[in-house]
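The values are calculated or read from the model by the stated rules, or taken from the named source; none is laboratory data. Just so we're clear, the structure is a prediction, and the values are computed from it rather than from any experiment. Here the Cβ positions follow ideal geometry from the backbone for every residue, glycine too, while neighbour counts run over all protein chains shown. Side chains included, ligands, DNA and RNA excluded: accessible areas come from the protein's heavy atoms. Shrake-Rupley method; radii C 1.70, N 1.55, O 1.52, S 1.80 Å.
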Amino acid sequence: MPIFLKMSVTFLRPFARVLVPFTLHRKRRVLCSTVLQRHMSSKIPAASYPNKESTSPPEQLELDGWKITMKSSAQEEGVSTVSSSRDEDPLTATKELIEMWRLLGRDVPEHISEEELKTIMECVSKSSKRKYLKYLYVREKMKKVKQIKKEMKIAAKEQVKKDQLPETTKEDKQQNFLFLRLWDRNMDIAMGWKGAQAMQFGQPLVFDMAYDDCMKPKELQNAVSQLLESEGWNRRNVDPFHIYFCNLKTGGAYYRELVKRYGEKWNKLLLTATEMSHVDLFPKDNMIYLTADSPNVMTTFKHDKIYIVGSLVDKNMQPGISLAKAKRLKLATECLPLDKYLQWDTGTKNLTLDQMMRILLCLKNTGSWEEALKFVPRRKHTGYLEISQHSQEFINRLKKSKTFNSFPRGSVNRRSQKS
């Protein structure tokens, strides 16, 4: 044992110089900490901690009451925050989101209508909203480009006209011309008089506007464009119809689109727009519903009947909608004799509203199916069916004879069709 101690002392002797400073520093640190603790305890008064046994029952009751009140206040604050979040308008939140995306430089259109805002609100995720906004942005950009191209073409045409006109002096401008010059104002006055006469004495033509629920927004816009063209062709005709827009709901999709397109001219149009049904306005015996699905073929144009055209653009090919409605209302139905006069090639036999208007106007003025069916697009048929030689000779003999004018209107056409 003493031998082991001697060996340990001799072994640790070289490391004494290194270990002694560490031990001294440690003792100094402990001494300083004890002194600091005594100094701080002398300045800070000692806090008396009550024992569990010394706590009285009223103090425990006060503490429990305080906990209950704090919990109730916290619940009230939570309810208020939830109600405020519910009361927040989703429309303003959508507008703020769109404005934020616009500031971030994303593809957001400058002008957004209320219907488009509602569509954005109905989108479930942000990605779908972003895609729809990008679609609106691209469409707005294309409209701007088209408008710029249109303005450039108009400017180019005006420049060409100016270049082609010879230089005229004041004496040339003041000289009289042989022909009467018709101004646009005079033409508008003349067409207005014809429209006013048609509203009093003209044959009614009804557009059934009760199909707005059966069409998509794009199809409804196409239908309104066709109605605008139909009204224009009728206004410029020699003997126009008295147009009725029946089942036109005020505030509906059709009404909003028509007012949007016409603008201030909507209240000045010489036509009748009503929410009433055509069954309530006219007797059923005098009405004929024109539909491509009807089994009855139209032979002649009847001037004493009221024709009804369904304002429907159906790209999804849903046959029988207008025919079912006419049967439900117990109305007579007819279709155009396209197979009798035309070699039908491809496509359906549904025509646009403006094509139907031009065909009916031509039938009303001339009574000729050959002239009226020229307004059917050539892409749908390969030409007219050839009339037999016997029927053609019969028509030529009637034209040369003096008794041709004594036949009632449409009788010659019936005879040629039978033969």
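Candidates Leu228, Ala253, Ser277 compared by Cα position along the dipole of region 193-324: farthest toward the positive end lies Leu228, with charges placed on Cβ. Fully extending the segment from Asp304 to Tyr135 would add 55.8 nm, taking 0.36 nm per residue of separation and subtracting the current Cα-Cα distance. For Thr250, the accessible surface of its heavy atoms amounts to roughly 90 Å² (probe 1.4 Å, protein chains only, rounded to the nearest 10). Expressed as a whole percent, the proportion of Cα-Cα pairs in region 91-161 lying more than 16 Å apart is 54%.
So if we plug the beta-carbon distance of Lys327 and Ala196 into 1/(1 + (r/R0)^6) with R0 = 41 Å, what FRET efficiency do we get, rounded to 0.05? That gives a FRET efficiency of 0.70.
Please work out the Cα center distance from region 270-310 to region 232-249, rounded to the nearest Å. The two parts, judged by their Cα centres, are 13 Å apart. When the P(r) of region 235-339 is calculated, the portion above 17 Å amounts to 62% of the C-alpha pairs.
For Asp285, Asp208, Asp89, the ranking by accessible surface with the largest value first comes to Asp285, Asp89, Asp208, using a 1.4 Å probe. Thr94 contributes about 10 Å² of solvent-accessible surface, heavy atoms of the protein only, 1.4 Å probe. For Val259, Val309, the ranking by accessible surface with the largest value first comes to Val259, Val309, using a 1.4 Å probe.
Using the Kirkwood radius built from alpha carbon pairs, what does the Stokes-Einstein equation give as D for region 202-392 at 4 °C and 1.567 mPa s, in µm² per second? In µm²/s, the coefficient is 74. Of the residues Cys246, Cys335, ranked by 1.4 Å probe accessible area with the largest first, the sequence reads Cys335, Cys246. Computed from backbone phi with θ = phi - 60° and the Karplus coefficients 6.51, -1.76 and 1.60, the 3J(HN,Hα) list for region 137-146 is 5, 5, 5, 5, 5, 5, 4, 5, 5, 5 Hz; x is used for glycine and proline.
Taking 51 Å as R0, compute the FRET efficiency from the Cβ-Cβ separation of Gln159 and Ser368 and round it to 0.05.
On the way: r = 44 Å, r/R0 = 0.86.
So, using R0 = 51 Å, E works out to roughly 0.70.
Say a paramagnetic label sat at a point 7 Å from the Cα of Lys260, along Cα to Cβ; which residues of region 94-110 have their backbone N under 17 Å from it? What the label zone holds, given the 17 Å backbone N cut-off, is 109-110. The HN-Hα couplings worked out from phi for region 371-380 by the Karplus form 6.51 cos²θ - 1.76 cosθ + 1.60 (θ = phi - 60°) are 6, 6, 7, 5, 8, 6, x, 5, 6, 9 Hz, whole numbers, x standing for Gly and Pro.
What's the local net charge at Cys362, with K and R +1, D and E -1, over the other residues with C-beta under 14 Å away? Display every interim value, and only then the final one.
Numbers: positive: Arg236, Arg358, Lys364, Lys374; negative: Asp239, Asp354, Glu370, Glu371.
For residues surrounding Cys362, the net value is 0.
Here the spin labels are modelled as points 7 Å beyond Cα on the Cα-Cβ line, and at Asn186 and Lys143 they lie 3.9 nm apart.
Could you state the per residue volume, in Å³, of the convex hull enclosing the Cα atoms of region 191-293?
On the way: hull volume 12.0 nm³, N = 103.
So the per-residue Cα hull volume is 117 Å³.
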